[in-house]
Amino acid sequence: MTVADALRELGFRSLRVVAQLGQMLLFALAIGRATILPPYRLRRYLEEIHNLGVLSLVIVCISGLAVGMVLGLQGYNTLVRFGAEGSLGAVVGLSLIRELGPVLTALLVIGRAGSATAAEIASMVTTEQLDGLRMMSIDPMGIVVSPKANSMVFVMPMLCALFILFGITGAYFVGVTLMGLDPGIFLSSLSSSIRFRDDIVGSMLKALIFGFLAGLIATFRGYTSAPTAAGVSAATTSTVVLSSVAVLICDYFVTALWGFDI
Amino acid sequence: MDSVRSPAPPHVQFENVHMAFDDRVVHRSLSCSFARGRISVILGGSGSGKSTLLRLIGGLVRPDAGRILVGSSDVTQLSEAELFDVRTGLGMLFQHGALLDSLTVFDNLALPLRERALGSEAEIAERVREQLSSVGLDGVETLLPGQLSGGMLRRAALARAMILRPEILLCDEPFSGLDPISLRRIESLLAAINQRSGTTLLVVSHHIASTFRLADQVVLLLPGRSVSGTPRDLATSSDPEVAGFFDEGSPTQSPLLTDGASRRMDT
């Protein structure tokens with residue numbers, strides 16, 4: 001391959017990425033339009049909130065507890081070297097609320113619900129179910145896509161809050177029950193270090209944005225998949241990869257722009 | 001069937017339609033028409049664009065050039081929102097049913113009625129049961145599509161396609177993969193729909209025997225051209241490419257070629 005060929009290939013791929021981003025933007029606008037315009041399908045939203053949120057509860061809670069326990073153990077063993085084990089509540093709380101809660105919850109939900117969403121829509125493409133809806137003059141964006149995408153935005157902050165809650169519980173159990181830290185010190189360190197606007201609101205904002213990204217990418221990849229078994233597989237894989245990378249990159253920019261105080 | 005039924009005006013017309021997927025040309029200057037209130041069967045080899053033709057009528061894909069008139073509407077010029085109006089007069093039976101697999105059979109049929117708020121829940125329930133009964137599917141309301149056999153699934157899909165009482169019913173390979181009894185049953189239902197309500201039927205099929213039993217008109221898609229006529233005309237054509245397509249025994253000797261209402265199934 002010559003340098004010219006390599007440059008041509010690079011240019012071609014870049015154009016394809018830009019075109020895909022443009023398509024995704026139009027897709028997001030179509031979701032917005034379908035959300036605003038009637039009919040409003042409350043029942044479909046409740047079904048999707050159940051599928052995406054309630055069915056993710058167990059995995060999110062167990063993961064939150066495990067992460068909190070590890071943080072508690074590692075944090076205590078590190079802080080005790082500097083005689084600062086009294087700050088365990090603050091370290092665990094801030095880590096979970098600012099970073100680990102939103103990011104890990106998003107990655108878990110992408111793995112469980114995002115992939116399932118992409119696979120379901122892609123298989124509907126393959127089996128002509130979406131065309132069937134169109135032929136009945138029912139817009140698939142309104143009945144299939146927008147409930148799934150919007151429910152993802154809705155459930156992500158709630159799952160994130162649960163993850164954080166279970167994480168702090170896990171750290172409390174390790175720090176106070178196993179390591180013998182004073183419960184009053186743990187809790188006062190936790191409560192005095194957390195600021196509502198910087199930490200709580202910032203955390204929920206991140207979860208909302210991650211939910212939007214995960215919902216958009218999962219529905220877009222499913223909706224635009226090739227109508228074959230390989231298309232379903234490709235949609236599922238690319239949803240997990242793209243959403244995870246998008247969440248991690250976006251996390252940096254939200255952190256920088258929101259201005260989390262040190 | 002044309003020998004016993006008077007000529008009818010066209011309901012769907014293709015005028016110089018050109019359609020290609022990337023480099024593969026599916027239709028080249030295709031011009032043909034489908035008569036109102038008649039059963040037209042579309043035949044052709046694999047990849048000849050039979051299913052694409054139905055999708056073009058429904059506006060699910062757009063041609064590269066040409067006009068497609070459904071009634072008086074040129075579907076190639078309509079926006080997606082305008083197409084929704086045209087599609088209220090179209091029903092489509094997909095090859096694999098295309099029922100929503102997360103909904104029960106009842107909810108699948110009720111969906112288009114609920115979306116348009118066509119009656120109270122009790123009225124919708126009555127209409128759904130009536131529709132299911134008309135295709136011989138009583139007692140399957142609570143089943144999911146995945147729990148139905150192939151023939152039952154096809155009938156449930158037919159019931160859904162007809163629930164809004166469309167003027168035109170598009171059927172994509174309705175007989176494929178069915179046992180002979182299920183196949184004859186679907187044939188009977190299609191003939192009955194046409195006879196009772198005067199619905200225009202466009203049926204894509206590979207099944208020559210069913211074509212002779214059902215069709216008033218056959219459109220045969222050949223590479224670069226199309227030929228249309230009655231089943232008898234095409235089967236006795238001097239064009240070797242056309243006659244070769246019907247070379248399934250000796251169709252002109254076949255009892256299937258008896259004219260008149262006796263050719264219809266026992267509806």
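The values are calculated or read from the model by the stated rules, or taken from the named source; none is laboratory data. Since this is a predicted model, take the numbers as computed values, not measurements. FYI the Cβ positions are ideal-geometry reconstructions off the backbone, even for glycines, and counts take in every protein chain you see.
Before moving on, here are some points about what is shown:
- Some residue of region B:3-17 being farther than 26 Å from B:ALA209 by Cα, more than 10 Å from chain A (Cβ to nearest Cβ) and either out of contact with any Ser or Thr (no Cβ under 6 Å at 6 or more places or on another chain) or in contact (Cβ under 8 Å) with a residue 60 or more places away in the chain (or both): yes
- Output for region A:119-131, where each listed residue is touching a Lys or Arg at 6+ places or on another chain (Cβ under 9 Å) and either of a type in the set (Lys, Arg) or within 23 Å of A:LEU46 (Cβ to Cβ) (or both): A:GLU120, A:ILE121
- Residue in region A:44-53 that is in contact with a helix residue (DSSP H, G or I) (Cβ under 6 Å, 6 or more places away or on another chain) and either without any contact (Cβ under 8 Å) to a residue 24 or more places away in the chain or aliphatic (A, V, I, L, M) (or both) present: yes
- Residue list for region B:185-197, restricted to those being under 23 Å from B:LEU220 (Cα atoms) and small (Gly, Ala, Ser): B:SER188, B:ALA191
- B:ALA35 under 15 Å from B:ASP216 (Cα atoms) and more than 16 Å from the chain's Cα centre (by Cα): no
- Residues that are of a type in the set (Ser, Thr, Tyr) and modelled with pLDDT of 95 or more are absent from region B:85-102 altogether.
- Within region B:167-191, residues that are of a type in the set (Ser, Thr, Tyr) reach partners that are surrounded by fewer than 23 Cβ atoms within 10 Å (Cβ to Cβ) with beta carbons closer than 6 Å, at six or more positions or on different chains, in the pairs B:SER182/B:GLY151; B:SER188/B:MET265; B:SER188/B:THR267.
- Among residues of region B:103-139, those that are free of Cβ contacts under 8 Å to residues at least 40 places away in the same chain, surrounded by fewer than 16 Cβ atoms within 10 Å (Cβ to Cβ), more than 14 Å from chain A (Cβ to nearest Cβ) and not in a helix (DSSP H, G or I), counted: 4
- Those helices (runs of 4 or more DSSP H) of region A:91-166 that lie entirely within it include none in which at least 1 residues are at positive phi and within 14 Å of another protein chain (Cβ to nearest Cβ).
- Pairs where the first residue, in region B:47-67, is more than 14 Å from every other protein chain (Cβ to nearest Cβ) and on the phi < 0 side of the Ramachandran plot and the second is of a type in the set (D, E, K, R) and not in a loop (DSSP other than H, G, I, E, B), C-beta under 7 Å, 6+ apart: B:ARG67/B:GLU15; B:ARG67/B:ASP74
- Annotation note: of B:ARG87, B:ARG129, the sole residue that is of a type in the set (Lys, Arg) and under 21 Å from the mean Cα position of the chain (by Cα) is B:ARG87.
- One residue stands out among those in region B:211-232 that are farther than 19 Å from B:SER29 by Cα and in contact with a strand residue (DSSP E or B) (Cβ under 8 Å, 6 or more places away or on another chain): the one that is surrounded by the most Cβ atoms within 10 Å (Cβ to Cβ), which is B:LEU214.
- Hey, B:ASP74 of a type in the set (Asp, Glu), modelled with pLDDT under 95 and over 19 Å from B:VAL227 (Cα atoms) or not: no
- Any chance B:LEU201 is touching a Cys at 6+ places or on another chain (Cβ under 9 Å) and within 13 Å of chain A (Cβ to nearest Cβ): no
- The single condition among (1) at pLDDT below 95; (2) within 16 Å of the chain's Cα centre (by Cα); (3) under 23 Å from B:THR52 (Cα atoms); (4) in a helix (DSSP H, G or I) that B:PHE175 does not meet is (4).
- Conditions (1) in contact with a Gly (Cβ under 9 Å, 6 or more places away or on another chain); (2) over 30 Å from A:SER192 (Cβ atoms); (3) without any contact (Cβ under 8 Å) to a residue 60 or more places away in the chain: number failed by A:SER95: (2)
- If the condition is being assigned to a helix (DSSP H, G or I), surrounded by fewer than 17 Cβ atoms within 10 Å (Cβ to Cβ) and of a type in the set (D, E, K, R), then region B:58-102 contributes B:GLU80, B:GLU82, B:ASP85.
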